[in-house]
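Working notes, beginning with the structure itself.
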Amino acid sequence: MIECIIILLAVACLILATKLRMMIVEKALLKKRNWMKEAFLKTLSHELRTPLHSVCGLAEIIAKDDLYLSKSEKRTIANQILYNVELISTQLDEVMLFAGNGDGHKLQEETLSPNQLCLKCVEANRIKEQMNPKVQLVFRRELSDETFIRTDRHLLEYVLNQMVVNAFKFTKEGTVTVGCFAQENPQRVTFFVEDTGCGVPQGREEDMFNWFDEPKENYQDTELEMSIVQKIAMKLGGFMRVDTTYTKGTRIEMTMVIN
């Protein structure tokens, strides 16, 4: 009888110990999820300031009474404002997705020209040249204008824009170059942004895109920002990489299958 009681007590203690370990693990996971969400929201809220500042700067130009603007100039500024407003809308959609309160931006495929998308991104970011006159933003044509792809324009614009924003962060002088090229077997198109900045430290190239796989509390802002971009690129069926053969600064590429 005593032996049975001892066995029952031992089993009960084992079950309690197992439940206690599970509670400790669940608490640790909950804590990890919370600080990951906080880090993500903090980063995205910071990223929202870039297009907001652009909109404010363009609005100030329009508001100047003593400044004459031609119809072409007004149209250009209006397009830049619309471009940045759409970026903000896309970012807010993705905030809801990662915060667990929505499905994020719903994919809406359309036929578009990769070259025109790159040119649009360059023109929309001209204001960055004014903020840093020592850096020139240029488009390099490596793809035929007859090439078209089907994808979600808003998400692709967001990815490309964030690549440009990242390049300007680390480029004090020189150039930031935007472009794209096509590959066959399989058919793919690659968008790239290269700069003449300080470059990515050797051995840290992969860390730029895998923060969600190996989250660290002592992360660098760029690692989380580009990991978010990687997530969105994957949503488009693409992937990000650092071109380690480029030695004049940093060259980041986003490759996706052509439809």
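The values are calculated or read from the model by the stated rules, or taken from the named source; none is laboratory data. Every value quoted in this text rests on a predicted model; they were computed, and no experiment measured them. With ideal geometry, Cβ positions are generated from the backbone for all residues, glycine too; neighbour counts draw on all protein chains shown. The protein model used for the area step is the full one, side chains on, heavy atoms only, and it has no ligands, DNA or RNA in it. Shrake-Rupley method; radii C 1.70, N 1.55, O 1.52, S 1.80 Å.
Within segment 235-259, being hydrophobic (A, V, I, L, M, F, W, C), open to solvent by less than 50 Å² (accessible area, probe 1.4 Å) and in a strand (DSSP E or B) holds for Met240, Val242, Ile252, Met254, Met256.
With respect to (1) at pLDDT below 75; (2) of a type in the set (S, T, N, Q); (3) surrounded by 15 or more Cβ atoms within 10 Å (Cβ to Cβ); (4) part of a loop (DSSP other than H, G, I, E, B), the lone exception for Asn101 is condition (3). Scanning segment 149-173 for residues that are in contact with a strand residue (DSSP E or B) (Cβ under 7 Å, 6 or more places away or on another chain) and surrounded by fewer than 16 Cβ atoms within 10 Å (Cβ to Cβ) yields a total of 2. Within segment 134-149, not a single residue is in contact with a helix residue (DSSP H, G or I) (Cβ under 8 Å, 6 or more places away or on another chain) and at pLDDT below 90. Once segment 133-143 is narrowed to residues that are open to solvent by 10 Å² or more (accessible area, probe 1.4 Å) and touching a residue at least 12 places away in the same chain (Cβ under 8 Å), the residue that is farthest from Phe181 (Cα to Cα) is Lys134.
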